[in-house]
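The structure under discussion appears below in the form of structure tokens.
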Amino acid sequence: MKQLLLLRHAKSSWDDPALSDHARGLNPRGRRAAAAMGQAMAAAGLRPAMVLVSSARRTLQTLDLLRLDGAKVEVLDTLYLASPDALLDAVAMVPEEVASLMVVAHNPGLHELAVRLAGKAALAASEGPALRLNEGYPTGTLTEFSLATSWDAAGPGGASMRRFLAPRDLPELADSVD
């Protein structure tokens with residue numbers, strides 16, 4: 001059984017219009033959300049062995065604030081604003097001995113990938129994580145999937161959704177607006 005964690009970067013700053021989109025960092029709320037998500041992940045025992053992360057500044061800052069000590073990290077330019085297919089291509093390249101993988105990237109590709117992995121049957125659910133996934137994928141949101149097969153076989157309906165956790169679900173951020 002393999003574990004796939006998908007994390008959208010935390011809330012970014014738009015304060016400097018001279019910065020390129022790729023160079024935008026996190027705003028204060030995003031920094032708080034990323035740190036809180038890292039604490040929630042640790043409390044839940046979610047410790048990926050490997051992380052694939054977009055080369056954008058906001059994804060790198062999000063990853064840094066998670067404090068995933070010991071995880072092998074690969075920074076990939078191809079994950080910047082990647083499509084679901086490009087994200088799946090990156091996942092397919094992960095060595096089979098890796099049991100737990102996290103991808104830190106962007107919407108809309110990340111949300112579309114999560115929907116694709118959950119499959120149509122899961123998305124017909126009237127409650128639980130799949131219903132929340134249908135409603136959107138806010139900044140800083142984490143989804144957890146389990147895969148019964150290899151990384152290169154991940155695809156539509158090929159995973160079981162275990163968790164949907166948005167920053168507003170965390171007690172210390174419950175009053176935040178996404």
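Throughout, read-outs are computed from the coordinates displayed, never taken from laboratory work. Fair warning: this is a prediction, and the values are worked out from it, not measured in the lab. Cβ placement follows ideal geometry from the backbone for every residue including glycine, while neighbour counts extend to all protein chains displayed.
Miscellaneous remarks
- Applied to the stretch 88-100, the Karplus parametrisation 6.51 cos²θ - 1.76 cosθ + 1.60 on θ = phi - 60° returns per-residue 3J(HN,Hα) values of 5, 4, 5, 4, 4, 8, 6, x, 4, 6, 6, 8, 9 Hz, with x for Gly and Pro.
- Candidates LEU88, LEU26, MET37 compared by Cα position along the dipole of the chain: farthest toward the positive end lies MET37, with charges placed on Cβ.
- On the beta carbon distance between LEU19 and GLN39, with R0 = 35 Å, the FRET formula returns roughly 0.75.
- Taking a ≥ b ≥ c as the square roots of the eigenvalues of the Cα gyration tensor, an a/c ratio of 1.5 or more together with a/b no larger than b/c marks the stretch 1-106 as oblate.
- Net length available on complete extension from LEU131 to ASP77 is 16.3 nm, with 0.36 nm assigned per residue and the Cα-Cα distance removed.
- Stretching the chain fully between ALA99 and LYS120 yields a gain of 5.0 nm (0.36 nm per residue, less the alpha carbon separation).
- Burial ranking of peptide ranges 133-145, 44-56 (average Cβ count within 10 Å, highest at the top): 133-145, 44-56
- Taking amide H as placed 1.01 Å from N in the peptide plane, SER12 has its amide H under 5 Å from the amide H of ASN27, each at least 5 places away in sequence or on another chain.
- Karplus-derived 3J(HN,Hα), 6.51/-1.76/1.60, for each residue of the stretch 15-22, Hz, glycine and proline x: 5, 10, x, 7, 6, 5, 4, 4
- Extension gain for the segment ARG67 to ASP85, taken as residue separation times 0.36 nm less the Cα-Cα distance, is 3.7 nm to one decimal.
- For the stretch 99-115 and the stretch 16-41, distance of Cα centres in Å: 17
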